[in-house]
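Student: This structure is in structure tokens; I'll ask about it shortly.
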Amino acid sequence: MAKYIDGFVLPVQKKNMDAYRKMAVKGGKLWKKYGALEYFECVGDDLKPKWLPITFPSLVKTKPSETVVFSFIVFKSKKHRDSVNKKVMSDPSMNEFKDTAMPFDMQRMTYGGFKVLVEA
């Protein structure tokens, strides 16, 4: 079965990682509640390979006090993603995020939807 992925790369202040983790746990529960197959939030560990000219930190212009988070959500299809995301955005619990300062810089976050090319 072909799947569809929403992917995110964003810088997070290291001091804000606990707040980010708490927000991500809530997000994961919400996306899974409405049908996402899998939900991942991954914090950078090995981010500066010597053999690549562009790294995740350079992509989102991290500062010394920041790290990179790579996140992805797995769906059955793009249509399924659109349906799940619509339900998530309509959920009343999303209002809690509207009045909360985000623990990351949204201006340097990047996002995209991806068709799965190979699944092994």
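Student: List the number of the failed condition for residue 26; all other conditions in (1) modelled with pLDDT of 95 or more; (2) under 17 Å from residue 93 (Cβ atoms) hold.
Tutor: Going through the list (1) modelled with pLDDT of 95 or more; (2) under 17 Å from residue 93 (Cβ atoms), residue 26 breaks only (1).
Student: Hey, another quick one. Would you please name the residue that is farthest from residue 23 (Cα to Cα), looking only at residues in region 40-66 that are surrounded by 11 or more Cβ atoms within 10 Å (Cβ to Cβ) and of a type in the set (Asp, Glu)?
Tutor: Restricting to residues being surrounded by 11 or more Cβ atoms within 10 Å (Cβ to Cβ) and of a type in the set (Asp, Glu), the top hit is 66.
Student: Does region 87-110 include one or more residues that are in contact (Cβ under 8 Å) with a residue 12 or more places away in the chain, within 23 Å of residue 25 (Cβ to Cβ), of a type outside the set (Lys, Arg) and touching a Gly at 6+ places or on another chain (Cβ under 6 Å)?
Tutor: For region 87-110, residues in contact (Cβ under 8 Å) with a residue 12 or more places away in the chain, within 23 Å of residue 25 (Cβ to Cβ), of a type outside the set (Lys, Arg) and touching a Gly at 6+ places or on another chain (Cβ under 6 Å): absent.
Student: How many residues are among the β-branched types (Val, Ile, Thr) and surrounded by 12 or more Cβ atoms within 10 Å (Cβ to Cβ) if we restrict to region 87-109?
Tutor: 1
Student: How many residues does region 1-53 contain that are hydrophobic (A, V, I, L, M, F, W, C), part of a strand (DSSP E or B) and touching an Asp or Glu at 6+ places or on another chain (Cβ under 7 Å)?
Tutor: Residues in region 1-53 being hydrophobic (A, V, I, L, M, F, W, C), part of a strand (DSSP E or B) and touching an Asp or Glu at 6+ places or on another chain (Cβ under 7 Å): 1 in total.
Student: Any idea which of (1) more than 13 Å from the chain's Cα centre (by Cα); (2) in a helix (DSSP H, G or I); (3) more than 24 Å from residue 118 (Cα to Cα) is the one residue 82 doesn't satisfy?
Tutor: So residue 82 meets the others, but not (3).
Student: Any residue at all in region 67-86 that is out of contact with any Cys (no Cβ under 9 Å at 6 or more places or on another chain), farther than 21 Å from residue 2 by Cβ, buried (at least 17 other Cβ atoms within 10 Å of the Cβ) and not β-branched (Val, Ile, Thr)?
Tutor: The answer is no; no qualifying residue exists.
Student: While we're on this one: Only one of these is of a type in the set (Asp, Glu), closer than 18 Å to residue 109 by Cα and modelled with pLDDT of 95 or more: 18, 82, 6. Name it.
Tutor: After ruling out the rest, the residue left standing is 6.
Student: Can you tell me which of 43, 60, 69 is out of contact with any His (no Cβ under 6 Å at 6 or more places or on another chain), closer than 17 Å to residue 106 by Cβ and at pLDDT 95 or above?
Tutor: 69
Student: Going through 93, 71 one at a time, which residue ends up being closer than 17 Å to residue 37 by Cα and not in a loop (DSSP other than H, G, I, E, B)?
Tutor: 71
The values are calculated or read from the model by the stated rules, or taken from the named source; none is laboratory data. All figures in this text were calculated on a predicted structure; none of them were measured in a lab. Neighbour counts are summed over all protein chains in view; Cβ atoms, including those assigned to glycine, are modelled from backbone coordinates with ideal geometry.
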